[in-house]
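These notes are about the structure you will find just below.
A short reminder: the numbers here are calculations on the coordinates, not readings from a lab. From a predicted model like this one, the values you see are computed outputs, not experimental measurements. Because the Cβ atoms are built from the backbone with ideal geometry, glycine has one as well, and the counts that use them run over all protein chains shown.
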Amino acid sequence: MKRNRLRALRWMAMVFAFVLVGAACGTSTDTAGEGETTTATAAESVTTTTAAAAATTATTVGATATTMAPEPQRLLVWNKDETDTFQELIRLFREDNPGVEIELVDRSFENYDTAVALALTSDNPPDVLQQSFAYKSMGAFVKAGEVMPLDAYADQYDWWTRLGTGAASLSFSADGLDYGVGNLYGVHMQGEVVGIYYNKAKLAELGIDPPSTMSEFEAALAAARDGGLLPINLAGATAWTLGQMYHVIQGTIVPAVDTLAWVYGQEGASFDTPGQIEAAQYIADWQEAGYFSDDALGFDYPTSLGTYGGGEGVFMFQGSWANGALSADLGDDLGFFALANDDGEILSVTSTVGASWGIGARTASPDLAAKFIDFVSGPVAAELMAQAGNLVAFQEFTTTKPEPGSS
């Protein structure tokens, strides 16, 4: 590098001397008027040539520096509920991509959507972010132009294979109003399914077997109440937990195609149907029967999760994402099942693809962001997440882009 710099300085000196000689000759041979013009031109030549030579030197030195030490690349990543698994994925990504700097912003599940929405409109928006596939989250971001479509990267990395038909759940129309159609805006890793957890030790205490049908479940609820136990541990202060309980019941009554028609906003679809009303009536009846605690509407999700893990309650409607925390508390006493109707049928199962990774529309490094998403949703991530007890959504059954609205 020192030799290159000296060589460049010599060339600068030679060029500078040559221009000075040319300027002197021009001034001495021309008339006064022309000489003034020539002198000005020569001076301009000195300035221009010297600047060009200096630029050449800077370029040469800069090129040498770039070769020796690449300028670090940076990603600002917004994540919800950071885990040891995710920290390990970041470490492995950095190991495979030397010089990449990752700044991680972590927020709790409860306030993440609000916080990341504000961040997207700030002077320091995220390059990569987790987002819920909901109208108030992904839909709102798409409508505001704050996240970018990922179809081109899905083609490049073959995410269509990885996502399978779940790609429809991560698609929105450009106006953010139509769900399940349009462009892809997210890539998920973790699959999630909602069902009913049960405490095996408490069922044994009551002398009953784990239920599977609605009649068996209601009989178990009555037995728990009569035995002095809390039948259902409910986080009533967290609205989405009420929705999950409703959807599990709904799955024993309403065919999946009817529910999805309403979810995707298909023409003529309605939520005001006898089956939907029947599902809601179950919850009203259970409240009347005393299957929830009197203060259930005052408990939020974290509190409910902690009390159930501590042994309060026989059953709990919740998703597979709670498995890690509950297993740590209850161990082999923890069970889980999907509720069927009395004909033994499960007409629909409430499942999701988990929070998805998206790319902020104002990122300066979209290719690097896509590379990061590909890694944290790929086979290495799948293995680590499975080891941590998570349900991994990693599919290899399709190699073509799903039709819009498919599910």
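Obtain the nm distance between the two label points defined at Ala219 and Glu345 by a simple spin-label model: each point lies 7 Å from its Cα along the Cα-to-C-beta direction.
Label-label distance for Ala219 and Glu345, simple model: 2.2 nm.
Over what distance in Å are the Cα centres of the stretch 108-184 and the stretch 282-348 separated?
After rounding, the separation between the Cα centres reads 30 Å.
Restrict the search to the stretch 215-293; then list the GluC sites (Glu not before Pro) that DSSP places in a loop and that have at most 14 other Cβ atoms within 10 Å of their Cβ.
Details: sites: Glu216, Glu218, Glu267, Glu278, Glu288; in loops: Glu267.
Answer in residue order: Glu267.
May I ask for the Kirkwood hydrodynamic radius of the stretch 78-199, worked out over all distinct Cα pairs and given in angstroms to one decimal?
Answer for the stretch 78-199: a Kirkwood hydrodynamic radius of 16.0 Å.
Compute the distribution of all C-alpha to C-alpha distances in the stretch 192-352, in bins of 10 Å from 0, and list the percent of pairs in each, rounded to whole numbers.
Final binned percentages: 10, 41, 37, 11, 2, 0.
Given contacts defined as C-alpha pairs under 8 Å and at least six residues apart, what's the relative contact order of the stretch 203-362, whole-number percent?
Numbers: 182 pairs, mean separation 61.6, N = 160.
Relative contact order, the stretch 203-362: 39 percent.
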